[in-house]
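Okay, so here's the structure we're looking at.
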Amino acid sequence: MIAMRDKMTFPSIAVFAVYFGPLPAYFQLWLDSCGYNRAVDWLLFVDADVSRYDIPPNVLVRRSTLVDLSSRVGLALGIELAPSYPYKFCDFRPALWVLLSEEGKKYDFWGHCDLDMIFGNLNVFLTEDMFSNYDKIFTVGHFTLYRNATSVNKMFEAWHPEMDWREVMADPRHRGFDEHIGVNRIWRAAGARMLEREEIIANIDPHIERFERAVPSRNYRRQLFYFERGHVLRTYLAGAEWRIDEFMYIHFQKRNMTCLPAPGATRYAIAPGGFFDMPDHVSASSLTEQLNPFHFRPADSLHRLRSTIRSWRRSVGLGPRIPSLRCTVEKNP
């Protein structure tokens, strides 16, 4: 069954999405999923033309280039930022609060997200307890919220023995500063109020062909993810019984998602290759073997084992160190 709870009054929330280059084929589906979550303002910065898309009223589009937006962030922080490729901009995400003043609104929380995802019903998962007791809600780059307070906004500038924010942002390499090997370590070292809840998201492992949630999340041999009128769901076979659970969103990084459902579709499967029409009279379980079959592959089993070990190391504080700026960086001749 779809998870339900009493409707709560959201604090004011702004979520940044920054994307440079041609928009993905499923961009309208991303927009639609944002539109279902009217309590959130989505601040979208792109350099592409979005005039042919149906933009929900709570998605505010700003045209900008990588150079211009990086310069604006750097100017506000008092450092020079000149990334040579778009992915590097992810390292600047902990400082995107500097752009809020240009929106002319005061938000209680702000955050950032990716485009390679489809949102479910945030109202099911974002709780009053989270907003009251945590200043950083979630720990992954594809969706994180921060309390909009000076001490919280500047937490990434706190001293840490393994990294300095100025060096990280100035480094031409991508350093993963927006999540586990970056600001999360700073927050933990400071004993700050940070919530980690990755079990409520469907973060799909990009290294396995079928759609499986990344370790340590549980998967099933027969499972299929789908979107249904503002909810992200999974049907799965547990023993002899088909069940349904719900997620805050599904994140399908590094996937070629080109197949699209009919325009305006409100119910569709999300599987390798894209998004597939799923009319109301068709059950999700009946499509599982066709759209997301399980095949035993030794390479997949080895990958799952290695991922489990990496997950355990991170859980006990033995995760990978952030790359040091003292490492040699190859320069173009």
What do you reckon, is P293 assigned to a loop (DSSP other than H, G, I, E, B) and either modelled with pLDDT of 75 or more or over 30 Å from G176 (Cα atoms) (or both)?
yes
Of all the residues that make up region 31-56, how many are over 21 Å from the mean Cα position of the chain (by Cα) and under 19 Å from G111 (Cβ atoms)?
0
Listed residues L69, L81, L60; which is assigned to a strand (DSSP E or B), surrounded by 15 or more Cβ atoms within 10 Å (Cβ to Cβ) and not assigned by TED's automatic domain parsing to the domain that holds T266?
L60
Selection count where residues are surrounded by 17 or more Cβ atoms within 10 Å (Cβ to Cβ) and either under 21 Å from the mean Cα position of the chain (by Cα) or under 26 Å from C34 (Cβ atoms) (or both), scope region 266-301
14
Selection within region 296-321 - hydrophobic (A, V, I, L, M, F, W, C), modelled with pLDDT under 75, closer than 22 Å to H207 by Cβ and in a loop (DSSP other than H, G, I, E, B)
L318
Within region 116-133, can one find any residue that is surrounded by fewer than 21 Cβ atoms within 10 Å (Cβ to Cβ) and touching a Cys at 6+ places or on another chain (Cβ under 7 Å)?
no
Of all residues in region 84-99, how many are closer than 15 Å to V18 by Cα and surrounded by fewer than 18 Cβ atoms within 10 Å (Cβ to Cβ)?
4
Residue hits (region 127-164; touching a Pro at 6+ places or on another chain (Cβ under 9 Å) and at positive phi) are none
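The values are calculated or read from the model by the stated rules, or taken from the named source; none is laboratory data. For clarity, every value in this text was computed on a predicted model and none was experimentally measured. Reconstructed Cβ throughout: ideal geometry from the backbone, glycine too, with neighbour counts over all protein chains shown.
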